[in-house]
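Here is the structure we will look at.
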Amino acid sequence: MKRRKFEWGYLLLIPGVGYIMFFVLASLYIMFAQSFGFYNYTGTSEFSLQFWQHVFSRTFFDDLWFSFRTALLTALISIIICYPLSLILQRIPGRKTFLSILKIPMFVPALVASFLIVNIIDYHGVINMILEKLRLIDEPLRLRNDAAGIGALSVQIWKNVPFQMIIMYSAIEAIRKDVRDAAANLGANRFSILKEIIIPITLPSALVAVIMVFVRTFNDFAISKTAGPYYPTSISNLMYLHAYTFADWNTAACIGVMMMITSIAFVSFYSYLSKKIGN
Amino acid sequence: MNGQLIKSQKKLTRRLLELLLPFGLLSIIMVWIGLPILYALLWSLVNPEYPWSYPDLFPTNLSLFQWEYVFKYTTIVKSIGNSFFLAFLTTIACFMLALPTAYALGKRKLKGSEFFKIIILLPMVFPGMAMGLFLGRMLHVMGVSGTYWGVVIVHTLVALPYMLRILIVNFESMPQDLIDAASNLGAGNWVKFTEIYFPMILPGLVAGAMFTFITSMEEFNLTFIVGAPDITTIPTVLYSYLGENFLRTRASVVSLILLIPNLLFLIVAERKIKTEYMGAALGKM
Amino acid sequence: MATRLIVNGIDKAFDDFQALSNVSFTIEPGQFVTLLGPSGCGKTTLLRVIAGFLEPDQGEIFFGDQVMNEVPPNKRNTAMCFQSYALFPHKTVYENINFGLRMRKIKVEEQEKRVREVMEMVDLVGLEHRKPYELSGGQQQRVALARAIIVRPEILLFDEPLSNLDAKLREKVRVDIRNIQRSLGITTVYVTHDQAEALAISDVVIAMNKGKIVQKSDPKTIYNHPSTKFVADFIGSANIISGTCLEAAGSTAVVNTSLGILQVQNTGLIQGDTIFLCIRPEDIVPDVSENVLPDQNVLTGEVLNAVYMGSSLDLFIRMDTQHIVRASVAKDTWVSEGSQIRFIVHPDKICIMKG
Ligand SMILES: Nc1ncnc2c1ncn2[C@@H]1O[C@H](COP(=O)(O)OP(=O)(O)OP(=O)(O)O)[C@@H](O)[C@H]1O
Ligand SMILES: [Mg+2]
């Protein structure tokens, strides 16, 4: 029998994969343990389900819904802006410059983006002033920290459109010109080319773009804290409040677990859905 | 005759549209991106003696007062120093951790490498605040909470996926033929490393280092929880200005300071970084 | 109903590179025309102009008596087989081949029947449900070919459709293409690098160089009477020599060349003309008879190399003038390298070209 040679390559995985696995698994472990009453800072550490009883409050569901809704809306609105924009950009002279300018918000840190947008949508910000001067509104709109979360949504869209734009633009650009020509040559008009060639080929990229933005936005803390409503706030913020303001780490842990579960559930449902659409 | 005229008219409208469309689009994009930055710039230049208030569209008097103030009387200089120092250390740590692993995943056909490539994505999808809180707990126990070490550990965790993914793509796109050709022409391991591998991963390294640096510079959640209040960086300072004591003028200055390295990065990236690395870093799968 | 294709004075430049200059020709309805020329001479560009993907800077394309310049590609009834295949990466082989029929709203039963036929023709049966990336290069090429042929358009455009197939399959598919094209009477433009292929299947061969048309003739003429040095050299192998006309009277002329004094047919030469002569290797005949015939060119030289080619024996002969000529002789001719050889070239077999 041939003896299997030990694959030394696996040792090389330790610095990169090992580092990530160690810390991610450690935080997961501590989170789960704390949600069941272990690892307490003060007092006794013992198994308990009481925190799970407390977690499902009105606030929790409001905040969870807020984060979920903001994430979903951001991902969908951004892709609705990006798809046609990428298509138009393909045909415009000087598109390289356009793309470079469009990329700027992606490189703006979340907090800065939040500040920049808040600055112009504020009660006396330039947007309100212009709308007033145009006599479209009688009195400034409250867009920042508004109850509907338009402020946070605007910041998220501002920051995430470029991100999806790059994915979509390169996906469309990657379709060889020959392939489109071939379709036209065989009798496809512009609409058919879009429907038969461009959209099916770029759909996987669009699905990835949507899910990436969803996850990023769902996990957000800083933007909704600075531009979002005071109530409800993001689920990350609720977790933070429980941990630091109420010093109730166990409930914070439960919220963390729920966040993970929601994320995973959504991503699984979504990939199931996109597989179905794909076929 | 008539047909000719209609044809030339059609052509003219098309030309006109071709000119107008980019122009219109450019204006929209400029407003979309330029306006927020312009207003931050204006706010940072407001002279406190002549406050800028409703309904003026522009401030009446400009001065560098706020910039001077922020640099003179706040801890911003120290925070900028911290930010750069931490970014530097993080980049080195990421580089050293990522190189062997990226080589193994990109060049050696290991069983299960697809699985490991997914594991690498975890820090990108794990909720930052949750990781901050509970990892922070562990770092606290380890006694590195509130130290440079602690912050470098978490920054490395967040930035490592970018470096890894870029280097993996880099290693994967390195044609095996080329390496074999070098061996075939008599190159030993050392020559192969210095003359083939190293020059070929250099672009990936540069791209990865830039992404790592920027990620560390703008990381907020984990820095805030693990580092504060002892270690402040530019984002945590900005957060303090955006919170309860919201001070628009000062926040403008700090925002712009935080914007500068990123915009420089963008300019360099546009010229130097291949799009495939951008794609890899952004998580295109 | 077959269509006449007229290409009239087409210019096309990429930036400041002139890819096509003043290209004009007419292809009669149902003709099979081959474009032949070196890499980069503008063949693909010309096909793309005809199909409508590229707008010419100058000139018109006519299908029949209709100007096509303003007609978008999808409204031109052409089908092109792309040099790069241009298969739809997300569609299966079946869907790729089917695409043109679907766009033309052909009935489903008819579609299925035609796909089956054409897949049999290009030997792809059994691969219907694969995606292009699951095919070999040659299989992909056959899909591209099938996708174009199945449409039965007015004009078929082939851009090196067989370059990746093995010799056997290539011959079979080539005959099939020709049969379909003939039976349906589709006007066809066919690009190839393979001159033997070009001569074998075309009604007309068009030789191109540097974006210009150099000669348009039937295969026999273009081989036997190339109009320029370029065509002679590019199509088949040729001994090309320069010469000056010494005397031109009646039906023959005498030319002083680097091979020696040669008698040639008088094609209206004038004393003192500088010309080029083309002699095909197979027209050089070894002479063993020792009789000198008055109306033959008889030359001698030293055999430098004798290369066995399978169907023939190729000799490289050095003349007294140091000029080397190539001769293609019967494969069982017995010559030894280094020996002297005497050979004849009939004046009729010498083709005269200007400049
Ligand atoms: N889009 C383009 N931009 C600039 N130059 C081009 C472009 N397309 C083709 N060319 C140039 O035009 C010339 C003709 O190209 P074309 O593809 O028609 O050659 P070809 O005869 O088909 O060659 P081959 O036999 O190698 O396929 C080439 O020199 C090529 O470099
Ligand atoms: Mg070509």
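Within segment A:193-221, being more than 18 Å from residue A:263 (Cβ to Cβ), open to solvent by less than 10 Å² (accessible area, probe 1.4 Å) and within 8 Å of another protein chain (Cβ to nearest Cβ) holds for one residue alone: A:197.
Among residues of segment B:100-116 being more than 8 Å from chain A (Cβ to nearest Cβ) and in contact (Cβ under 8 Å) with a residue 40 or more places away in the chain, the one that is most open to solvent (accessible area, probe 1.4 Å) is B:107. Restricting attention to segment B:75-131 and to residues that are of a type in the set (Lys, Arg) and over 30 Å from residue A:213 (Cβ atoms), the residue that is modelled with the lowest pLDDT turns out to be B:109. The criterion of at least 2 residues that are under 27 Å from residue C:179 (Cβ atoms) and more than 13 Å from ligand 2 (Cβ to nearest atom) is met by the following strands (runs of 3 or more DSSP E) wholly inside segment C:1-89: C:5-14, C:17-27, C:32-36, C:78-81.
Listed by position, the helices (runs of 4 or more DSSP H) inside segment C:162-257 whose residues that are within 16 Å of ligand 1 (Cβ to nearest atom) and of a type outside the set (S, T, N, Q) number at least 1 are C:195-201, C:229-234.
Surrounded by 23 or more Cβ atoms within 10 Å (Cβ to Cβ), within 30 Å of residue A:100 (Cα to Cα) and more than 14 Å from chain C (Cβ to nearest Cβ): is that true of residue A:239 in this structure?
Numbers: surrounded by 23 or more Cβ atoms within 10 Å (Cβ to Cβ): yes; within 30 Å of residue A:100 (Cα to Cα): no; more than 14 Å from chain C (Cβ to nearest Cβ): yes.
No, not satisfied.
Matching residues to (1) in contact (Cβ under 8 Å) with a residue 40 or more places away in the chain; (2) assigned to a helix (DSSP H, G or I); (3) facing chain B (nearest Cβ under 9 Å):
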| site | (1), (2), (3) |
| --- | --- |
| A:10 | no, yes, yes |
| A:24 | no, yes, yes |
| A:37 | yes, no, no |
| A:60 | yes, yes, no |
| A:68 | yes, yes, no |
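When you scan segment C:251-267, do you find a residue that is out of contact with any strand residue (DSSP E or B) (no Cβ under 8 Å at 6 or more places or on another chain) and not β-branched (Val, Ile, Thr), even just one? No, every residue in segment C:251-267 fails to be out of contact with any strand residue (DSSP E or B) (no Cβ under 8 Å at 6 or more places or on another chain) and not β-branched (Val, Ile, Thr). Among the residues in segment C:299-317, are any of a type in the set (Phe, Trp, Tyr) and modelled with pLDDT of 85 or more? Yes, the conditions are met somewhere in segment C:299-317. Report yes if some residue within segment C:269-284 is more than 30 Å from residue C:14 (Cβ to Cβ), within 19 Å of the chain's Cα centre (by Cα) and open to solvent by 20 Å² or more (accessible area, probe 1.4 Å); otherwise report no. No; the residues of segment C:269-284 include none that is more than 30 Å from residue C:14 (Cβ to Cβ), within 19 Å of the chain's Cα centre (by Cα) and open to solvent by 20 Å² or more (accessible area, probe 1.4 Å). Just so you know, in segment B:138-152 the residues that are closer than 13 Å to residue B:90 by Cβ and more than 18 Å from the chain's Cα centre (by Cα) include one that is least open to solvent (accessible area, probe 1.4 Å), and it is B:150.
Applying the criterion of being open to solvent by 10 Å² or more (accessible area, probe 1.4 Å) and within 16 Å of ligand 2 (Cβ to nearest atom) to the residues of segment C:142-178, the residue that is modelled with the highest pLDDT is C:160. Any residue that is open to solvent by 60 Å² or more (accessible area, probe 1.4 Å), more than 16 Å from ligand 2 (Cβ to nearest atom) and in a helix (DSSP H, G or I) - is there at least one of those in segment C:122-141? Looking through segment C:122-141, at least one residue is open to solvent by 60 Å² or more (accessible area, probe 1.4 Å), more than 16 Å from ligand 2 (Cβ to nearest atom) and in a helix (DSSP H, G or I). Filtered by the rule that a residue be away from chain A (no Cβ under 14 Å) and within 10 Å of ligand 1 (Cβ to nearest atom), segment C:37-68 gives C:37, C:38, C:39, C:40, C:41, C:42, C:43, C:46. Among the residues of segment C:179-230, those identified as small (Gly, Ala, Ser) and open to solvent by 10 Å² or more (accessible area, probe 1.4 Å) are C:183, C:185, C:196, C:200, C:202, C:217, C:227. Taking segment C:231-261 as the range and being open to solvent by 50 Å² or more (accessible area, probe 1.4 Å) and more than 19 Å from the chain's Cα centre (by Cα) as the test, the residues that pass are C:242, C:244, C:246, C:247, C:249, C:250, C:251, C:252, C:256, C:261. Inspect all residues belonging to segment C:287-297 and state whether any of them is touching a helix residue (DSSP H, G or I) at 6+ places or on another chain (Cβ under 9 Å) and assigned to a strand (DSSP E or B). Within segment C:287-297 (the criterion being touching a helix residue (DSSP H, G or I) at 6+ places or on another chain (Cβ under 9 Å) and assigned to a strand (DSSP E or B)), the answer is yes, since at least one residue qualifies.
Pairs linking a residue in segment B:25-41 that is more than 8 Å from chain A (Cβ to nearest Cβ) to a residue that is part of a helix (DSSP H, G or I), with Cβ atoms under 7 Å and 6 or more positions apart or on different chains, are B:41/B:256. Taking the criterion of being more than 8 Å from chain A (Cβ to nearest Cβ) and more than 8 Å from residue C:132 (Cα to Cα), the residues of segment C:86-95 that qualify are C:94, C:95. Does any residue of segment C:288-305 turn out to be open to solvent by less than 30 Å² (accessible area, probe 1.4 Å), closer than 23 Å to residue C:338 by Cβ and among the acidic types (Asp, Glu)? Within segment C:288-305, not a single residue is open to solvent by less than 30 Å² (accessible area, probe 1.4 Å), closer than 23 Å to residue C:338 by Cβ and among the acidic types (Asp, Glu). Residues that are of a type in the set (D, E, K, R) and within 16 Å of ligand 1 (Cβ to nearest atom) within segment C:150-161 comprise C:159, C:160, listed in sequence order.
The values are calculated or read from the model by the stated rules, or taken from the named source; none is laboratory data. These numbers come from a predicted model, not from an experiment. Cβ sites come from the backbone with ideal geometry, for glycine too, and all protein chains shown count toward neighbours. Ligands, DNA and RNA are stripped out before the accessible areas are found, and what is left, the full protein with its side chains, is counted by its heavy atoms. Shrake-Rupley method; radii C 1.70, N 1.55, O 1.52, S 1.80 Å.
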